[in-house]
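Below is one structure, written out as structure tokens, with a few remarks after it.
The values are calculated or read from the model by the stated rules, or taken from the named source; none is laboratory data. Since this is a predicted model, take the numbers as computed values, not measurements. Here the Cβ is made from the backbone with ideal geometry for all residues, glycine too, and neighbour counts use every protein chain on show.
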């Protein structure tokens with residue numbers, strides 16, 4: 001949940017006196033209950049509930065050889081016989097969870113030793129050229145769980161930053177290589193340092209979705225930092241390992257991240273132009289996020305009296321679907337992600353935007369000046385002919401054009417209190 | 001003979017000269033009263049699945065023996081409805097269509113169906129096909145990847161093929177087409193995948209699409225007020241139409257059932273959600289909705305209204321009846337959609353106390369409200385329904401319906417639905433609640449009261465179609481392989497035969513050269529087999545075939 005990480009990090013920037021809550025969901029560790037639920041969603045209609053498939057017209061997964069994980073991965077992702085291929089739909093960690101479900105016979109037996117694989121990345125590209133960035137390739141680091149901006153699939157990916165990286169690579173005459181990394185909203189994680197570390201290692205050439213603040217570009221914020229887990233991470237690498245940070249530069253911005261008011265059905269016909277227009281509604285405050293802080297500090301007292309505090313995370317907006325509250329101020333990207341997951345929604349993003357916003361550009365190593373110049377020119381062309389806006393529409397990203405200043409000095413507490 | 005009569009007889013001879021395979025609209029209309037052939041899904045446009053044939057009867061059935069078996073060379077569930085015309089039988093599987101010599105069981109032709117390897121992703125409840133339609137020398141069928149196909153009935157050669165929709169977002173087709181007023185009508189599957197359901201009419205001559213009627217109105221259309229405003233819920237609201245409708249040529253009206261609303265979690269789509277869980281009365285030429293009746297408003301239970309809509313004349317009234325998944329047996333005036341009777345036909349129905357005959361609306365229980373609000377509930381009947389798709393039979397002489405009913409409950413909790421195109425979109429956690437004893441009963445039901453005249457229970461429920469005959473018999477089959485005949489008055493089982501695989505097919509009977517035959521497809525699979533986790537079925541071999549029976553000499 002990179003988005004949440006940003007929101008929390010921005011709070012740290014403000015040094016606002018708000019408790020930062022961790023909401024790590026530990027996706028990297030295979031989980032048999034997740035496997036069971038995935039099995040029900042993807043496999044049960046052919047292989048049977050609980051893997052009981054009367055008549056044996058599909059493979060009896062209860063008898064799948066526990067020492068043949070590669071065969072399992074291959075059949076699931078590529079298809080076999082009557083079985084369709086699922087590689088373009090399943091996420092890598094979902095495949096891990098499914099395998100755990102199968103290899104434990106539905107969670108009834110412990111997994112035999114050595115059956116889970118070494119690195120938890122079955123079938124991931126294990127080529128050795130991790131230390132250098134390859135000739136003829138543009139390597140982009142994208143968060144594997146970045147919602148409408150980037151989502152990893154077993155084969156390829158989706159989201160605005162994914163398709164934008166593809167288009168940039170094509171314009172530069174390069175082949176796109178994507179390295180996926182796991183950004184967790186943990187207390188100690190800092191997206192800026194992660195970006196510096198990924199570029200410094202170097203794991204990749206570019207990291208999109210970089211907020212353009214003076215403190216986020218140029219000289220590194222520290223001497224050393226640890227990169228987040230990435231998809232081609234060598235086996236010897238541990239998360240404690242740090243890299244020497246190098247200076248980072250960024251292209252022009254290609255979108256603006258903003259905070260908007262989302263309302264439920266009770267406010268279906270209401271025009272929202274300012275926070276006081278929320279009168280009479282139950283307002284949900286997502287703790288530990290910038291939107292939550294703004295609501296806490298700016299809501300008129302009568303509305304605040306009728307507000308409820310909820311923990312941060314993707315469940316927040318679902319609580320709103322359930323009718324727990326009627327309105328909130330939230331990163332429009334979080335709402336985009338909710339819509340990607342929830343095709344049917346009663347929620348609506350109003351036209352209101354808080355004046356605080358962040359221009360987002362693409363980070364690259366400052367030393368790669370020629371690459372940076374070409375990236376910037378390609379991005380300008382894609383912005384000028386409306387391609388970026390179209391891509392955002394196609395990928396479900398609420399797009400706003402960047403605003404001046406291109407690079408902001410810093411976020412100050414007074415920004416929080418600016419009202420429109 | 002005056003000029004008019006001359007012209008009429010000339011026109012008639014033209015029809016007769018189009019060859020032995022020609023089936024006119026008149027033939028289709030008369031199907032139920034011409035036991036020498038089976039031209040329509042359900043043995044007549046009213047789908048009574050009743051034959052007056054009585055050579056095989058309570059006395060003679062003990063001499064019933066197989067005369068041939070035809071291998072379908074396929075391990076999926078076999079739900080095909082066999083058609084018979086001029087000594088040729090037509091059957092379908094998900095991947096083939098075949099013509100068989102009805103006398104010998106020998107194959108005349110077989111035409112394969114090719115579909116992309118990804119297609120089975122979007123088949124919720126079995127890789128199946130339910131049969132074909134015959135009209136004017138052509139055989140029509142649908143395919144899993146949502147194509148409508150016409151074959152030359154004589155050769156099996158493809159005449160045309162029209163794609164209905166891209167299957168990848170969750171649409172598929174398993175339905176046997178219906179011919180009504182010269183229009184080929186089909187409906188789409190996909191209620192568990194966030195689709196927007198529809199029914200379509202095609203020109204049987206060339207495959208041109210004549211109309212498409214969505215089962216969910218778009219904003220501004222009548223019925224759209226039953227969906228939440230300022231929401232896209234209607235776009236993914238379900239309402240599949242995956243079973244064949246019935247046709248009344250006198251009223252020029254097609255009756256078609258509409259399936260469950262999607263996702264199952266009803267809290268995301270407050271309102272009645274027309275026309276999910278409903279039946280539609282359609283103009284076959286235009287697809288225009290004449291009227292509708294909704295069985296299950298704002299359905300959180302997967303109570304499809306797709307079950308067969310059987311036509312009958314009852315106490316001088318033209319009615320259409322349905323044993324709905326939701327546990328009520330409905331009798332509706334088919335001239336105007338007015339509800340005449342709605343009574344529980346299974347032992348436990350939790351979601352509604354009764355159906356108000358005045359308003360036509362269910363009087364729902366607290367449990368239904370709890371299910372919608374996200375509470376953990378146990379409800380009966382389960383999503384399998386009081387009766388699943390397996391079609392019932394109606395004996396008009398006995399005024400009795402014979403149906404395979406289910407006795408299964410469900411543990412259910414609505415949760416956040418997570419959309420991913422082409423993947424299950426439930427929005428509910430669920431598991432089955434099993435009864436102490438039998439999970440299913442073959443029941444003889446009085447349509448007007450829902451009362452059971454007799455029942456025959458089985459540990460593993462039956463999900464085969466039912467056939468009744470003038471010989472006082474009821475035919476059906478078990479998923480453990482037995483093809484069975486019952487005394488229609490008492491429910492006593494008079495005869496059975498082990499077919500080698502489980503039966504989820506649709507028995508039919510027909511006559512040739514003075515001999516009565518009974519035919520059924522064997523081949524275990526489909527919804528219960530896949531979703532129940534019933535380990536007792538694990539030793540039932542897969543493998544589809546067609547069995548045909550007749551009486552041996554005394």
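Of note:
- Criterion (more than 14 Å from chain B (Cβ to nearest Cβ), modelled with pLDDT of 90 or more and part of a helix (DSSP H, G or I)) met by exactly one of A:361, A:333: A:333
- Evaluation of residue B:428 against (1) touching a strand residue (DSSP E or B) at 6+ places or on another chain (Cβ under 7 Å); (2) modelled with pLDDT of 95 or more; (3) farther than 15 Å from residue B:528 by Cβ (one fails), failing number: (2)
- Qualifying positions in segment B:481-498 - surrounded by 24 or more Cβ atoms within 10 Å (Cβ to Cβ) and not in a strand (DSSP E or B): B:488
- Test result for residue B:114, free of Cβ contacts under 8 Å to residues at least 24 places away in the same chain, in a loop (DSSP other than H, G, I, E, B) and over 22 Å from residue B:281 (Cβ atoms): yes
- Every residue from segment B:505-554 that is part of a loop (DSSP other than H, G, I, E, B) and more than 7 Å from chain A (Cβ to nearest Cβ): B:505, B:506, B:507, B:513, B:514, B:523, B:539, B:543, B:544, B:552, B:553, B:554
- All conditions but one from (1) surrounded by fewer than 22 Cβ atoms within 10 Å (Cβ to Cβ); (2) in contact (Cβ under 8 Å) with a residue 12 or more places away in the chain; (3) within 14 Å of chain B (Cβ to nearest Cβ); (4) under 18 Å from the mean Cα position of the chain (by Cα) apply to residue A:315; the one that does not is (2).
- For segment A:57-86, the set of residues classified as within 12 Å of chain B (Cβ to nearest Cβ), surrounded by fewer than 18 Cβ atoms within 10 Å (Cβ to Cβ) and either more than 21 Å from residue A:152 (Cα to Cα) or in contact (Cβ under 8 Å) with a residue 40 or more places away in the chain (or both) consists of A:59, A:60, A:62, A:63, A:80, A:81, A:82, listed by residue number.
- All of B:262, B:287, B:271, B:237 fail the test of being within 14 Å of chain A (Cβ to nearest Cβ), under 16 Å from residue B:213 (Cβ atoms) and over 17 Å from the mean Cα position of the chain (by Cα), apart from B:237.
- Unique residue being in a loop (DSSP other than H, G, I, E, B) and at pLDDT 95 or above when the list is B:383, B:403: B:383
- When the residues of segment B:48-77 are filtered to those that are in contact with a helix residue (DSSP H, G or I) (Cβ under 9 Å, 6 or more places away or on another chain), in a loop (DSSP other than H, G, I, E, B) and at pLDDT 95 or above, the one that is nearest to residue B:553 (Cα to Cα) is B:56.
- Taking the criterion of being farther than 15 Å from residue B:96 by Cβ, within 14 Å of chain A (Cβ to nearest Cβ) and in contact with a helix residue (DSSP H, G or I) (Cβ under 6 Å, 6 or more places away or on another chain), the residues of segment B:123-147 that qualify are B:124, B:125, B:126.
- Among the residues making up segment B:43-76, those that are touching a residue at least 40 places away in the same chain (Cβ under 8 Å) and either out of contact with any strand residue (DSSP E or B) (no Cβ under 7 Å at 6 or more places or on another chain) or within 14 Å of another protein chain (Cβ to nearest Cβ) (or both) are B:52, B:72, B:73, B:74, B:75, B:76.
- Number of the condition not met by residue A:161 [criteria: (1) modelled with pLDDT of 90 or more; (2) assigned to a loop (DSSP other than H, G, I, E, B)]: (2)
- Among the candidates B:423, B:415, the residue that is within 14 Å of chain A (Cβ to nearest Cβ), touching a strand residue (DSSP E or B) at 6+ places or on another chain (Cβ under 7 Å) and either within 25 Å of residue B:239 (Cβ to Cβ) or crowded, with 16+ Cβ neighbours inside 10 Å (or both) is uniquely B:415.
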